[in-house]
1. Rounded to a whole number, what is D in µm²/s for the stretch 92-141 from Stokes-Einstein with the Kirkwood radius over alpha-carbon pairs (4 °C, 1.567 mPa s)?
2. Hey, got a sec? Which trypsin sites (Lys or Arg not before Pro) in the stretch 45-152 land in a DSSP loop and have at most 16 other Cβ atoms within 10 Å?
3. Can you compute the charge dipole magnitude of the stretch 45-152 about its Cα centre, using +1 on each Lys and Arg Cβ and -1 on each Asp and Glu Cβ, nothing else charged? Give it in debye, rounded to the nearest 20.
4. Write out the GluC sites (Glu not before Pro) in the stretch 47-152 meeting two conditions: DSSP loop, and at most 15 other Cβ atoms within 10 Å of their Cβ.
5. By what distance, in whole Å, do the Cα atoms of the stretch 68-152 stretch along each of the three principal axes, largest value first?
6. Please identify every one of the chymotrypsin sites (Phe, Trp or Tyr not before Pro) in the stretch 49-108 that sits in a loop by DSSP and has no more than 13 other beta carbons within 10 Å of its own beta carbon.
7. Could you work out how far apart the two model spin labels at Gln50 and Lys99 are, taking each label as a point 7 Å from the Cα in the direction of the beta carbon, and quote it in nm?
Amino acid sequence: MKTIKLLIIPVAAMILLNCNNYSNSNKTNLSQKKAEQSIPETTTDAVSIQFIKSEFDSGKEFYLLDVRTKDEFSQERLSFADDQIPYDSMELYRDRLPKDKEKTIYLFCRSSRRSGIATEYLRSLGYTHAYNITGGLLAWQEAGYETISDNQ
C-alpha cells in the first residue's frame, strides 16, 4: 500500500506539469497564429492606422467615415475620407451610409472613442465589416501621415 502511494505522488506531479506545459504551448501557438494572419485582429472591431495607410496605399476599396463634427472635419481630415457624419447624428443620416452592409467601412474620429461608438452602432444595423481605427486622427498625425484642411 505504501509503494502505491509513493508511485501516485510522482505520477500526479508529472501529469500536472505536463498539463501546464500543454496549456502554455497552446497559448503560444494561438498568439503565433494571430500574428501570422494578414487581416488585423478584430477582437474589438478595431484596426491600426498603419493598416489603414497600407490599405489605402495598395488601392484596396473601402469606405472611410469620419464621425467628428463638421468643424473638426473642415479643420483637418484624411484626404481619402468618403464622408463625414457626426457619431451622435448617425441615425439622422443613415441614408448616406453604404447600402451594401457587406462593404468594408473604417471609422475614425480624433482619438477613437466616438468612432468606437459609431462602429458598434453600424454593427447593430447589420454592417458586418465595420472597423474602428485605433488612435484616430491623433495617431495618424503622430505617425507623420498627411492630412488636409479647408484652410489650405
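Every number in this text was worked out from the coordinates using simple rules, so none of it is lab data. Please read these numbers as outputs of a predicted model, since none were measured by experiment. Positions of Cβ are generated from backbone atoms using ideal geometry, with glycine treated the same way; all protein chains shown enter the neighbour counts.
1. Calculated translational D: 117 µm²/s.
2. Here the sparse-neighbourhood loop sites are Lys60, Lys99, Lys101, Lys103.
3. That gives a dipole near 240 debye.
4. Filter output for the stretch 47-152: Glu61, Glu91, Glu102, Glu146.
5. Per principal axis, max minus min of the Cα coordinates gives 36, 22, 19 Å.
6. Phe80, Tyr93
7. Simple spin-label model gives 3.9 nm for this pair.
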